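Read the figures in this text as sums done on the coordinates, not as results from a lab. None of the values given here were measured: they were computed from a predicted structure. Don't worry about glycine lacking a Cβ; one is built from the backbone with ideal geometry, like all the others, and counts go over all protein chains shown.
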């Protein structure tokens, strides 16, 4: 079974579990559960050395109950049809939970972006958009992508530029994608929105004295020991805001390993070291852990998996020492692990709620693009 197939089965199992508590007709529930549209394409691109390589790409639209559909584009070697369907379903549930008027979608290209030059990535991105336009899988009123693992504002700017060239005269064209650079129609605060939302959600939880007492913690964020897995936009900004609020970052994990220090590390110093060295290896004020997954099992109060899905499983859940698990990534905890942690009294803050900050601010950006007036302009 592929990683994506296991993830889709995990999402469907969670849906079935929740659906059993509702009075709705099974046929209606089956309709809600099923992906509405799934697009696959392959196309050749020319590498910088002249070689031709065939790329494989997908876009899933899980629900059309509200339009446009909304969801990121992922560049990763794990991308397949099952993975994008699972992620698209989670987007539907997330948008519904926080009352953002979008259906769920997700897309991706199977590649490791670190092995491609910027020029190659630009050619890949623009060709992907061309294929999406051809099949009506992108547009301000149809399907609006955003970043995900392996992509960011740069790729979103390429998408917007390609779409506007392919749709000349479309007045709302900039609304075809969100999380663009400010200069390309973006909005202030989108880059850090998901990480900030993670912090806000946990801050509210930690302010509930009864819940904190039940798990043996004192109220408030200050002094809490935090471990973060993943140092992309979500993980980095979450760690940054927790540290600024007085929490201690006692562990950080990335693809190339992890670091730990029970007295805490300075997130900005860690990021500066990583930018300079290309790795966490060699950071002087912490112990290096060659197995990145060891960071998940560190002694801490709050564990924030902010990388990929299926990181906490039945195998490692018994060794998780955190009192609160915050699902900043999409689907980082399997249903089996969820049961094990629940039986041990660990609080789990679900992904559909805690990482919704990004799509919420994306909605504001989309509204700005359709309104053609930046926020605050009319009040001045």
inquiry  = For the range 192-355, I need the span (max minus min coordinate) of the C-alpha atoms along each principal axis, in Å, sorted largest to smallest.
reply    = 43, 32, 27
request  = Give me the distance in nm between label points sitting 7 Å out from Cα along the Cα-to-Cβ direction at residue 12 and residue 77, one decimal.
outcome  = 2.7
inquiry  = Going by average Cβ density within 10 Å per residue, which order do the peptides 107-114, 266-273, 67-74 take, highest to lowest?
reply    = 67-74, 107-114, 266-273
key: Estimated 222 nm signal from helices in the chain, with DSSP H stretches of n ≥ 4 weighted -39500 (n - 2.57), rounded to 500   = -12000 deg cm²/dmol
remark   = Ordering 287-297, 206-216, 16-26, 91-101 by per-residue average of other C-beta atoms within 10 angstrom, highest first, gives 91-101, 287-297, 206-216, 16-26
key: the chain: relative contact order as a whole-number percent, Cα under 8 Å and 6+ apart   = 14
ask   = Can you give the % of DSSP beta bridges in the chain that are antiparallel, to the nearest 5?
value = 50
ask   = Taking R0 as 41 Å, what's the FRET efficiency between residue 21 and residue 374 from their Cβ-Cβ distance, rounded to 0.05?
value = 0.40
ask   = Which one is right for this structure if semi-axes √(5λ) of the Cα gyration tensor in Å is calculated from it: (i) 38, 22, 19; (ii) 49, 25, 21; (iii) 33, 25, 22?
value = (iii)
query = Where does helix 118-134 land angle-wise versus the long Cα axis of the chain, in degrees 0 to 90, nearest 10?
reply = 60
query = In degrees, nearest 10, range 0 to 90: what is the angle between the Cα axis of helix 233-244 and the longest Cα principal axis of the chain?
reply = 40
task = Can you work out the PRE-style zone for residue 114? Point 7 Å along Cα to Cβ, and I want the residues of the range 126-165 with backbone N under 17 Å.
result = 149-152
message = Taking the number of other C-beta atoms within 10 Å as the exposure measure, put 130, 199, 39 in order starting with the fewest.
response = 130, 39, 199
key: Most to least packed among 168-174, 233-239, 135-141 [average Cβ atoms within 10 Å]   = 233-239, 135-141, 168-174
key: Rounded to 10°, Cα long-axis angle of helix 193-206 versus longest principal axis of the chain   = 30
request  = For the range 72-100 and the range 261-301, compute the distance between their C-alpha centroids and round to whole Å.
outcome  = 29
ask   = Given Cα pairs under 8 Å that are at least 6 residues apart, what percent is the relative contact order of the range 23-184?
value = 22
